[in-house]
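One structure below.
Bear in mind these aren't lab numbers, they're just calculated from the coordinates by the rules spelled out. No experiment lies behind these values; they were computed from the predicted model shown. Cβ placement follows ideal geometry from the backbone for every residue including glycine, while neighbour counts extend to all protein chains displayed.
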Amino acid sequence: MESAVNQPVSEKEPFLLLRQVSKRFGGVRALDKVDFEIIRGEVHCLVGENGSGKSTLVKIVTGVVAPEGGAEMVIDGKPYSSLRPFEAYRLGIHVVHQDLSLFPNLSVAENIASHFYLEPRSFVDWKKIRKRGMEVMEKLGITLHPDTEVRKLSVADQQLVAICRAIASDARLIILDEPTSSLTWKEVNRLFAFLRELKSKGIAVLFISHRLDEVLEIGDRVTVIRDGKKVGTFVAQGLTRDELSFLMTGKKLAFTREVMLQENRPEILRVERLSRTNQYHEVSFTLRRGEVLGLIGPRGSGRTEIALSLFGLNPPDEGAIFVDGKRFRARSVQEAIQYGIGYVPENRLLQGLVLDQSVENNLVITVFEQLKRRGLFVPPREKHAFAEETVLAFGIKVADIEAPVRSLSGGNQQKVVLAKWILTEPKILILDTPTHGVDVGAKESIYQSIIELVGKDLSIILISDEEQEVRLVCDRILVMKGGKIVKEFSPGTMTEDDLRQSIRE
Amino acid sequence: MKIPWKIQRQTEWYLLFVIIVLSAFLTVVNPKFFTLENIFDFLRNNSFLGIVALGELVVLISGGIDVSFTAIATVAQYLMGLVISTTMVNNVLLAFLIPIPIGIALGAVNGVLVYYTRVHPVIITISTLNFYYGVLMFLTKGTWIYKFPPAFREFAKLKVVTFMGAQGVPFGFSFFTLLWIILGFFTFVVLRYLTIGRKIYAVGGNLEAARRAGFNIFRVQLFVYSYIGLLAGIAGFVHAQLNQMIQPNAIVGRELDVIAATILGGASIFGGSGTVWGAFLGVLLIAIIKNGLILMKASAYWHEVIMGSIIVLAASISAYQRKLQIRREKGRFAEEQIF
């Protein structure tokens, strides 16, 4: 693989060069004198915690916001003092958003060639559109049928279409925002092969991701931003995950778990030969009181499907579940709650919260019945006091508990969901990828609350796709693949690499 | 694989099947149903419905909805009626040209309101429906117009092909049916071969993506609401021709027939999909059902019950199909991991 890694940077002319870029929003300094450059044909990664200024930097590069005076921008050899979005687009700077922004009802070819519709022509040249779509896909080694409707493709294929679309309208720099967050490992590998193909064509890629392993795997160089300041740009080769994490946060992920579970704890959950067609097959495991059980595996391995089954949302076809020795039929959420099972869903934004409602209302939603001690109503003052107390207890950072949940940061939204479920006093809490898209600092506080919870005799099933996470937090780890549990580990007996091996092989 | 847009279009085949079954049933009940004479008559009488359904189709594809077109058609035909009955200009082409700009203008008002207020188009167009219709009723006090110039009366009998009936009464393929087909073809061309047509699909498929791609959303919305306005104007003319009478309250109230027909024809209420062929079949099906109800002497109130049920049914079926598709996708995902 040919790359820019070991060549001195100055030998290659950068496609994009930023000097002394600053930006303030109100009183907050989002970016502070940042220098940044991207070379043609490199995969440049941008990492930083939430709120570090990553997205502000991207917005400046794409012309969505203007930098403050004194900044210098050179794109393709020409200086600019500020950019408008369409100028940036015309210069070949394209963003592939996390939601991909495709037209699901149109064909692959039409999506790729949709920029033709910006030309002042009244008639559609179908031959040209189809040809352009095929050309671009062929050039990049993609074999999708040009006439397939995009909605019928997998997320991974849709992503490739979105990138092809950028290439079709002459992108020189493609910005990928968290591109791997909804892909399986197989698909991530395919995406990386594809990005290498782009590199060989001289196209620059700016890769933004929370997944440091992936950053180190695909990146030629990594720029780290912390609190609006650039920490530095580093050659990815030779950098370790821990070093990178340290650069991002300025602190090590200091989390270690001291007390491990005693063997003689009573069993609280027993799952026997549970099956559901096309999802998982003959899954058996147990969970003890006060235990953190990790369930790790790629997307589609059946991990989320099992969690949904335990929460009554996805009734199993065969097998049995026992909670505290009693048979649990898993037919409804109400039943699951009665048995003391709580579930914090994977996509907190979509499933866990009513985003436009206040923090207060979101917190009381699961315990409303308990709060109305007398009569039909919950006294507003009591509700308010209760919410204040909860916010304090869970360390949720919020100025006003009547503010809508939408206005909170991702990590704090996560805490609200967590709090909401813990308030129901469950015996078993299922956390589905709770640190997905959350930065290192917030991760640590989530781990901390998990440990506090099991200290109070709660049992937790932690679904995850990060090896480090389950190794740090769990008492026991089950590896799932293809709907089956393929391996069981206790953290003392293996390294992160063992774990990674057993998942990916 | 020559035709790039040839994707599975099952909805149309189901519709065709149901239409054939229902027609066969009606023919058994009343053998006259399946005669050339009745079919021509049937197509002629439903050309009003068919023409406005084409407009509704375009609006639905863009992700919007319009219920005000009945009021637009009424206002347009009434103003036309006023002009030709007071001046008695003996020229049908002139009469035809009057409702068109009126329809476009009233439709454009909808488009502007929908874009700038960002209020749901159902709310906007219910309001304009009441506004247009209310003003018309207030000013005209509901007076009917039935005094037309001779050319206007003669034109209604115009046929493209004429046959001689068994009893010596001539019948044939009406000009208005031809107009319906021509407008259908025109709409097809707009949707398939004009850039604006593709933008309509794009906006209906993913509004935010269309905005990010740099498409002018205002132009698209202005176009679709003006387009249904245009067709409502033409349909107003057709309606006046077919009935040889203009009553301000004759058309308003038929919104559901048209929306039911288009949704039945496969246009999604979520936007982004729908075809001219489907909208054509949808209108035929609705018309056949109505015809059947009349043959079976069902009360007029039953017609409304049936129309309401059809909308709920058609919308539920399309929502259910969407769910199945998602589930199939998930199943595929799981299988890929296992094998």
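A few points about this structure:
- Summed side-chain charge close to residue B:248 - residues other than residue B:248 whose Cβ falls under 15 Å, Lys, Arg +1, Asp, Glu -1: +2
- Amide H contacts of residue A:203 (H built 1.01 Å from N, in plane; Pro and chain starts excluded): A:41 sit under 5 Å, all sequence-distant by 5 or more or on other chains.
- Structure-based [θ]222 nm, chain A - -39500 (n - 2.57) summed over DSSP H runs of at least 4, per residue, nearest 500: -9500 deg cm²/dmol
- Karplus 3J(HN,Hα) series, Hz, for region A:218-227 with 6.51 cos²θ - 1.76 cosθ + 1.60 (x for Gly, Pro): 9, x, 8, 10, 10, 9, 10, 10, 9, 6
- Relative exposure of A:177, A:400, A:35, judged by other C-beta atoms within 10 Å (fewest first): A:400, A:35, A:177
- Scalar couplings 3J(HN,Hα) for region B:244-256, obtained by applying the Karplus form with A = 6.51, B = -1.76, C = 1.60 to θ = phi - 60°, are 6, 6, 10, 10, x, 10, 7, 9, 4, x, 9, 4, 5 Hz; x denotes Gly and Pro.
- The modelled label-to-label distance between residue B:139 and residue A:317, using points 7 Å beyond Cα along the C-beta direction, is 6.7 nm.
- Within-13-Å neighbourhood charge of residue A:180 [Cβ basis; K, R +1; D, E -1]: -4
- Theoretical ellipticity at 222 nm over chain B - DSSP helices of four or more residues, -39500 (n - 2.57) apiece, nearest 500: -24500 deg cm²/dmol
- Charge context of residue B:191, other residues only, Cβ under 11 angstrom, K/R +1, D/E -1: +3
- The ranking of A:123, B:42 from fewest to most other beta carbons within 10 Å of each one's beta carbon is A:123, B:42.
- Annotation for residue B:212 and residue A:355: the two label points, set 7 Å from Cα along the Cα-Cβ direction, are 1.4 nm apart.
- Sequence-ordered 3J(HN,Hα) estimates for region B:176-184 from the Karplus curve with 6.51, -1.76 and 1.60 and θ = phi - 60° stand at 6, 5, 4, 4, 4, 5, 4, 5, x Hz, glycine and proline given as x.
- Sparse-neighbour loop sites [GluC sites (Glu not before Pro); region A:354-463; at most 15 other C-beta within 10 Å; DSSP]: A:402
- Within region A:166-268, DSSP assigns beta bridges of which about 55% are antiparallel (rounded to the nearest 5).
- Residue A:95 long-range amide H proximity, modeled H, under 5 Å: A:175
- A:76, A:475, A:170 arranged by Cβ crowding within 10 Å, fewest neighbours leading: A:170, A:76, A:475
- For residue A:461, residues with placed amide H under 5 Å, excluding near neighbours: A:293, A:429, A:430, A:431
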